[in-house]
Amino acid sequence: MDRFSGGTGQNDVVTIDYLIIGGGLAGVAAAESLRAVGARGSVAILSGEIDPPHDRPPLSKEFLRDERSREQVLLRPVEFYQAHKIGLVLGRPALALKPDSQEVMLADGETVGYQRLLLATGGRPRALGVPGESMSGIYQLRTLAEAERLKEAAGASTSVVVIGAGFIGLEVAASLAERGLSVTVLNQDDQVWPASRRRRSRPPSRPISRRAGSPFDTTSGWWPSRARTVWSC
Ligand SMILES: Cc1cc2nc3c(=O)[nH]c(=O)nc-3n(C[C@H](O)[C@H](O)[C@H](O)COP(=O)(O)OP(=O)(O)OC[C@H]3O[C@@H](n4cnc5c(N)ncnc54)[C@H](O)[C@@H]3O)c2cc1C
């Protein structure tokens, strides 16, 4: 499904009974739960991503290490949505909400109406906000498409710089070190994953270490002007 259909629309605008914006775990769980509790009427998930809803945790771990395939990181097989009459509209970001008329405007100009709306739009990586961050060779990691680009680039690289020694940054660093890349982690704090430690989280299952050939640079504010490839997580 790439356009809306099956609602009870008036004029040209299709109305969905339960419209969910966000194709992440929250959006899929909400759609599945609606059907599980017997919700009648149309249910649709609208996602800005081109790929079907997928699990993000493996993207920095098993998927990056080639231990899980693309199909194995999908939250549900694509047939699931059809079987449960859940519309899946991919690659179509919502641009604006009109609560008065209960409508959502999509970036491509289509308008869709809703009876009930759930915003499950999740999070996104924080940009560095420095000159040059949109240059080629610089990646961020949130989606399956970004993980695939990262893997492809990793296959053609021998060294990598990871900016951010939080949980995801360190997982990516450990996975890439396991792939044989020489990894440097840059962090603006003087500790690794300090925010997680404050929350008493457990360290990544395969923590990166100097033994894995992955030095840390924890110098505050250091910008890797000589680094050829910079990875931002
Ligand atoms: C690499 C990585 C590793 C992780 N590892 C772990 C882990 O080990 N353990 C753990 O607990 N958590 C982990 N997380 C975090 C976990 O994945 C998130 O907590 C979870 O994805 C949140 O789900 P969500 O559905 O709320 O949001 P998201 O997964 O962020 O989904 C939001 C969805 O909304 C869509 N969206 C946003 N804006 C719009 C718009 N305007 N129009 C249409 N669609 C829109 C997005 O495209 C996306 O599909 C990891 C995250 C990443 C990126």
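Dipole magnitude of region 80-190 about its Cα centre, charges +1 at Lys/Arg Cβ and -1 at Asp/Glu Cβ only, in debye to the nearest 20? Please list the in-between numbers first.
On the way: 10 positive and 12 negative charges, 63 e Å.
Charge dipole of region 80-190: 300 debye, to the nearest 20.
What ranking do 40, 68 get, fewest neighbouring Cβ atoms within 10 angstrom at the top?
Details: 40 10, 68 15.
Fewest-to-most Cβ neighbours within 10 Å comes out as 40, 68.
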Local charge sum around residue 36 (other residues, Cβ-Cβ under 15 Å, Lys/Arg +1, Asp/Glu -1)? +3
Of 27, 60, 50, whose Cα points farthest to the positive end of the dipole of region 14-119 (charges on the beta-carbon: +1 Lys, Arg; -1 Asp, Glu; origin at the Cα centre)? 27
What does the net charge come to around residue 139 if you take all other residues with beta carbon closer than 11 Å to its beta carbon, with K and R at +1 and D and E at -1? -1
Would you mind computing, in nm to one decimal, how far apart the modelled labels at residue 127 and residue 100 are, each placed 7 Å from Cα along Cα→Cβ? 3.1
Near residue 151, which lysines are there with a Cα under 23 Å away, not counting those fewer than 8 places off in the same chain? 61
Within region 155-176, which residues have the backbone N less than 15 Å from the label spot 7 Å out from residue 67 along Cα→beta-carbon, could you tell me? 171-176
Which listed residue (106, 136, 165) has the Cα farthest towards the positive end of the charge dipole for region 103-189, taking +1 on Lys and Arg C-beta and -1 on Asp and Glu C-beta about the Cα centre? 165
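Between residue 83 and residue 156, what's the calculated FRET efficiency when r is the beta-carbon distance and R0 is 30 Å? Round to 0.05. List each step's numbers first, then the result.
Details: r = 40 Å, r/R0 = 1.32.
Approximately 0.15, to the nearest 0.05.
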Charge sum, other residues only, whose C-beta stays under 11 Å from residue 68's C-beta, Lys/Arg counted +1 and Asp/Glu -1: -2
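Taken together, the values in this text are just the output of simple stated rules run on the coordinates, not laboratory data. What you see is a predicted model, and the numbers here were worked out from it, not measured in a lab. In this analysis, Cβ positions are derived from the backbone assuming ideal geometry, glycine residues included, and neighbour counts consider all displayed protein chains.
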